[in-house]
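Here is the structure we will look at, set down as structure tokens.
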Amino acid sequence: MTEKKIQLSIGGMSCAGCVASVEHILQAVPGVDSAAVNFVEHTAQVAGSISAQALIDAVIAGGYEADELKGTAAEAEEKEAAEFTYYRSLLKKALVAGVVAAPLMAMMLFGLMPMLDGVGRLFWAVVALASLYVLVYSGGRFFTGAWQAFKAHNANMDTLIALGTGTAWLFSFLILLWPTLVPPDARHLYFEAAVMIIALINLGAALEMRARGKTSEAIKRLIGLQVKSARVVREGKEIDVPIEQVELNETLRVRPGEKIAVDGVIIEGRSHVDESMISGEPMPLEKGIGDEVVGGTLNKTGSFLFSASHIGKDTALARIIEMVRQAQNSKPAIARMVDKIAAVFVPVVLLIAAITFLIWFNFGPEPKMAYVLLTTMTVLIIACPCALGLATPISIMVGVGKAAEYGVLIRNGEALQRAGQLTTVVLDKTGTVTEGRPAVTTIIPSAGWDEEKLLNVAASIETGSEHPLAEAIVAAANARGFSLSSVDGFEAIAGHGVRAQVDGARVLLGNRKWMGDHSIELNDLSEVAAGLAAKGETPMFLAVDGVAAGIVAVADPIKGDSKAAIARLHKIGIKVVMLTGDNAATAAAVAKQVGIDEVIAEVLPADKSAKVAALQAKSEVVGMVGDGINDAPALARADVGFAIGSGTDIAIESADVTLMRGSLHGVADAIAISKATVRNIKQNLFGAFIYNSLGIPVAAGILFPLFGILLNPIVAGGAMAMSSLTVVTNANRLRLFRPEGAQQ
């Protein structure tokens, strides 16, 4: 079975402890390489040589629910509808519990509760039945979840709530039946506390769920770009079929105003296509025969036919959705630390509750049983680690989504956390700082040569090269209508130049070092080349049969926003280094124009990774930005690799972050969003840890000996629910964040 990634929807998770349990269950399945569970989305992403059904069976056997997610628009709509139904259900359950609890709370506050005798016992019998109904209807999910966890040898939030409210109701019911079981002072009934706790927790869960739903807006918008049907040409007829039925290499028709269904290549017709959702460029691009089109983009004017080149999960949009979803599911170091704490949190709380019980039972004042129940129940209720479990993943989800809004696709949570720690950003030159579409600017022939002949020979030898500079030379020759010569024995040496036989002559084309390696005398051409390089042009020497024939110079225009983006990086204290295979003079000229701090030029592709490692050895946290195959090792070596989205697939696959807009502003945006997200995570964790750290001792009664203060279980239930809501609300503040200087 081949390696693949499977997305699962997980049901039955109630707290951070469940995350560790489900991950443990999934990782124990043979063939699983990695598993990451997202508590916010209630999803799991699993990689390995395994079937989805085997994973689903394992999760169900562990006491949870599971189903496979396909990532389609229809599935997203179904999930959203199901979540809204569940939200309404939680509100209804909170309302039912509140209707029972509110009058009881009012009677308690005004001292109107009847005694346990005569008509009073009948009143309490009715309350017992009403509260039992609430526990079953509004709180049934807690007891079911606790039982499932118990069967799987786990303990979770449901365990704490079920123990707390269940014990309160059972104790109260026993006192109602046999008041003489405890002294008169201890005959307090806690029906109203159990019911109010259930009401508050359901209300808190509903409000949390509503706020939590806003965090996945990025995924929802991306999925919304996917079309549901396509018009295909079959047997000469155009028919509409569901998008799932489109086949590879099938011909599709796109009319004006329609979204393009899948990725493909135009085979008939012309149009203008709005690709802003992929590239961020607002202007529609003209498309004709042979041009590629991307699924999810919008056809503006003409109608055309195209052949499907990528379908289903292989389309660019599907890969973007998968990358965002994968990042939202992944965990940085800070999240893994929290997961480890959460995994032992509930068992520790149960131990604290047991110790609290024993201390109050053995050393507490009379009525002992009242104090025992009050403190033990309050510890169980207030300790629920919901806020702790939400603190990190919810901020990561919002942060990754916010980055996607700015055309920055972050592959994993580790990169999101690490980007804010960068001290140095290394930039490739061609296609990163510059447009990556160089053009011939100067032709200097030697004696006995003219411009046309020099360009013709240079273009002829470069027809075998895929280098951007070679393409510029060939394009210049084609523009002049030259008929290029035949080439034999073509050989390219990366970082040096090319050689071949052109019409029987031995031809070399490359940099000064390439000429020196072949003992070519350059004479005055060296000085001319230096002048061109000082202006930012890249001079290439041509030699025929061992004699220098002249120079063909190519310039790559600097991107319009590179200087402003680099200024933004400087403003936040980032050192900017250019790392290029180009000659030192050309690189220095470009660096001077955009304000780069340091230039490392004439670096062979194989050495780029080593240069990044050398910077890391100086305790620099390095981000590398590149767009080519030769940048892939350096992108992988860097602490955070940024691939220009218009670059090669290999560069994008090697990088942690993809800049879909091809602008260096994306680097500054990613760093700013990273810092804001990590700051938000720390705020959430501080709140959650402080809440539990202070709440549990107070609930256990640590203040009672000195101040006579005990925490009411109802207050504990409300505080527990509100703490989660506070974390979610704080995380959603990130949705309003805008990086300073952003170009959106």
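The values are calculated or read from the model by the stated rules, or taken from the named source; none is laboratory data. Just so it is clear, the model here is predicted, and its values are computed rather than measured. Backbone-built Cβ (ideal geometry, glycine too); neighbour counts: all protein chains shown. Only protein heavy atoms, including side chains, enter the accessible area calculation; ligands, DNA and RNA are left aside. Shrake-Rupley method; radii C 1.70, N 1.55, O 1.52, S 1.80 Å.
Just a few scattered comments:
- Size of electric dipole in the chain: Cβ of Lys, Arg +1 and of Asp, Glu -1, about Cα centre, debye, nearest 20: 3020 debye
- Percentage, to the nearest whole number, of Cα pairs in segment 397-456 over 17 Å apart: 67 percent
- Rolling a 1.4 Å probe across the protein heavy atoms gives segment 576-618 an accessible surface of 42 Å² per residue.
- Among 39-51, 656-668, 288-300, sorting by the average number of other beta carbon atoms lying within 10 angstrom of each residue, highest first, gives 656-668, 39-51, 288-300.
- Of all accessible heavy-atom area on segment 577-621, the percent that carbon and sulfur account for (1.4 Å): 52 percent
- Ranking ALA403, ASN478, PRO438 by how far each Cα lies toward the positive end of the dipole of segment 382-483 (charges on Cβ) leaves ALA403 at the top.
- Cβ-based charge dipole, segment 53-132, positive-most Cα from VAL100, ALA58, SER89: VAL100
- In degrees, nearest ten, helix 562-571 long axis to first principal axis of the chain (Cα): 40 degrees
- Its residue count N sets the reference 2.2 N^0.38 Å, and the alpha-carbon radius of gyration of segment 653-734 equals 1.73 times that reference.
- Heavy-atom surface analysis with a 1.4 Å probe gives segment 16-146 a carbon and sulfur content of 66 percent of its accessible area.
- Label reach from ASP57 (point 7 Å along Cα→C-beta): in segment 8-43, amide nitrogens under 20 Å belong to 8-11, 22-35.
- Correct option for Cα extents along the principal axes in Å [calculated from the coordinates] among (1) 123, 65, 44; (2) 76, 62, 50; (3) 99, 88, 59: (1)
- Expected 222 nm ellipticity per residue - DSSP helices of 4 or more, -39500 (n - 2.57), all of the chain, to 500: -16500 deg cm²/dmol
- Global geometry of segment 586-633, whether rounded, prolate or oblate, following the gyration tensor of its Cα atoms and the 1.5 cut on a/c: oblate
- Computed over protein heavy atoms with a 1.4 Å probe, the accessible surface of segment 356-407 works out to 26 Å² per residue.
- Tilt relative to the chain, helix 157-177 - C-alpha long axis, 0 to 90 degrees, to 10: 10 degrees
- Relative to the globular-protein estimate of 2.2 N^0.38 Å, the Cα radius of gyration of segment 592-716 stands at 1.77.
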